[in-house]
Structure formats: structure tokens, C-alpha cells
Amino acid sequence: MSIAPASDSPTPKKKAGGGVIKITISAVLLIILLTQIDGRALLQVLQDARWAGVWAALALFIAGIFIRAYRWHILLHDLDVLIPLRTLSALYFVGAFFNTVLPTGFGGDVVKAAEVASTSGQAGAAVGSVVVDRFLGIVVLLAMGVATLLLASTWVDPRLKWTMAILFLAGVAGYWLLRQRWLLRRISQLMPDRLLHLVEKPARELYEGLEGYSPRALSLALLVSFAFNLTWIGVNMLLGWSLDIQATLAQYLVFVPLVSLSLLLPSVGGLGVRELTYVGLFGLIGVPEEKAFALSILVYAINVVTGLIGGVIYLAQGARSASTAR
């Protein structure tokens, strides 16, 4: 697979244009939703929320940060990149901060990879570990959703079943494809240059990352991904309980993976896309739009609070580095 030279990276003008597009998408989606939702009813739903559930969800979400950091630690350790777990945990919080303030869902990943590369001197391992870390989380979450669908045939719309199944199979097929270098090379020859430029670099990084891991490390990382995704489902259920949303565990197991995948679409911190997905999915089981929208707001608020913790850590580290330099 031919690799594009570094000089072909997006120019500042292209990056700025991409940021404007994401801001526009988020703004348009939010405006559309707000024009359809009763503002007073939304405020009433938030005022009536059980705040014990919100605080418990925040605590569980923070616990999930440490679980994900442990998964990252497993992947890096298998590549002989020995960074303390507490450092990786701090980087996960810092990554959450940049995901919140930057107009992209991957800004935190870039920061984490850059920090590990700077510390270890192994840029390839750093980038690959971040890509694989995210990939494993998504695949396991989809697998949980598909397993639930096999037991939830009575209430799930057939279109939703097909969507979930196709996404999961696409993830599995993508993993298999990344193991077939000859096939990747052939596909890259058939791709238009513009499309190849977009997908070639992340595909290569994911391939090289997966190639370097032992089966034991990947198996353990998958188990940790399962543990984290249980906490993520739990966060949504606690917030749903706080808003008196009547939904079953099976419904959360199906909806939450789709919400997580929707955040990969262009937007600013998932704004607009997240809200539209929550309202659309929970509307399938009769949840009022105001409650589904409130759920998305609380999920975003928890992400912001976690990002603020990461911002404090980032500033403290910067101040410590400046003091050391002086």
C-alpha cells in the first residue's frame, strides 16, 4: 500500500474549513431539535432530575477513565513501552479535555499519542496503541449490542437490527482485511486518490498496531473493553433513572453503541449528532423528546466535567514543567 508523503497533510486552510463544517453541522442539528422540543418541558425535566443518579453516573464515568487507561497500559506494555498507569490515566483525562474544547472527536487521541511518543521515543507504537485502543472499545460495544439483539426480537425495529449487524460485521471484516496486506494493496490501487488519501494513514496505523500485539494482550484488552463498556452502559442507565426514563437494560445495550458510533460523524464534541441520536433512538420506545434530549445533555455535561478535570491536570503539568525549566 503506497503511503502518502508527509507534505500531503491537510493545510491550515483545509483544517479551518473542516472546523467550520463541523461547527455548522452541530449548530444546524441543535437548532432543528430545539425548534421541535418544548423548552419549558425540557427545563422541567432537568429540574425534576434525581441528582443522586447524576452524581453516581459521574463517579462511574470517571471510574471508566481508569479502566480505559488500564487497557491502554496493557497494549503499550506488550510493545515494551513502559509508562506508569497513573501517567496514562492522567493522559486520558487530558485527552477528554481536548476532545471537549477542540472541534473534533479525535483531538484527545492526537494529544495522547504525541505525549506517549515524546516520553517513549516510539512514535509508531504510541499512535498504533491509541488507534487500537479506540478500535477495541467500539468493536466490543457493538458485539454487546448484537448479542442483545439476538434476545430482543419483540421490540426492535428490523431496520435497527440490520444496522447494528452490518456495523458489527463491518468491524470484524475490517479487522480481517487489515491482516491481508496483499488485499489492502490491491484495494488501494483501485481507490480514487482523494479517498485513498483519507483512509490510507489510519488504516496503516491500525494494521501496524494490531500486527505488533500478542494474542494474550489483545484478549486481555478485549476483556477490559467489556468491563469498561459495562460502566458506560451503567452511566446511561443511571442518568436515565435520574430522568425517570422507562427503558430496559436490553434497550440501553442496543441504543448506547449506536450513540457512540454516531459521535464519529463530523461535529463539535458530538453536539447535535449526540442529541439527535438519543432523541431518535429513545423515541422508538416511546420516550418523550424532552427526556431523551435531557439525557443527551447530562451525558455531555459529564463529559465536560471530566474534560475540566483533564484541563486542570494539563495546566498543572504545564506549570510544573515551566517551574522545572526555570
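Summary table
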item	result
Single residue of the stretch 54-76 satisfying the filter (modelled with pLDDT of 95 or more and of a type in the set (Phe, Trp, Tyr)) that is most open to solvent (accessible area, probe 1.4 Å)	TRP55
Residue match in the stretch 282-290 (condition: in contact with a Phe, Trp or Tyr (Cβ under 8 Å, 6 or more places away or on another chain), of a type in the set (Phe, Trp, Tyr), open to solvent by less than 20 Å² (accessible area, probe 1.4 Å) and within 23 Å of TRP51 (Cα to Cα))	yes
Total residues in the stretch 88-133, condition under 30 Å from ARG274 (Cα atoms) and part of a helix (DSSP H, G or I)	32
Conditions (1) β-branched (Val, Ile, Thr); (2) open to solvent by 40 Å² or more (accessible area, probe 1.4 Å); (3) without any contact (Cβ under 8 Å) to a residue 60 or more places away in the chain: number failed by VAL81	(2)
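The values are calculated or read from the model by the stated rules, or taken from the named source; none is laboratory data. These numbers come from a predicted model, not from an experiment. Please note: Cβ atoms are built from the backbone with ideal geometry, for glycine as well, and neighbour counts cover all protein chains shown. Heads up: the accessible areas ignore ligands, DNA and RNA and are worked out on the full protein's heavy atoms, side chains in. Shrake-Rupley method; radii C 1.70, N 1.55, O 1.52, S 1.80 Å.
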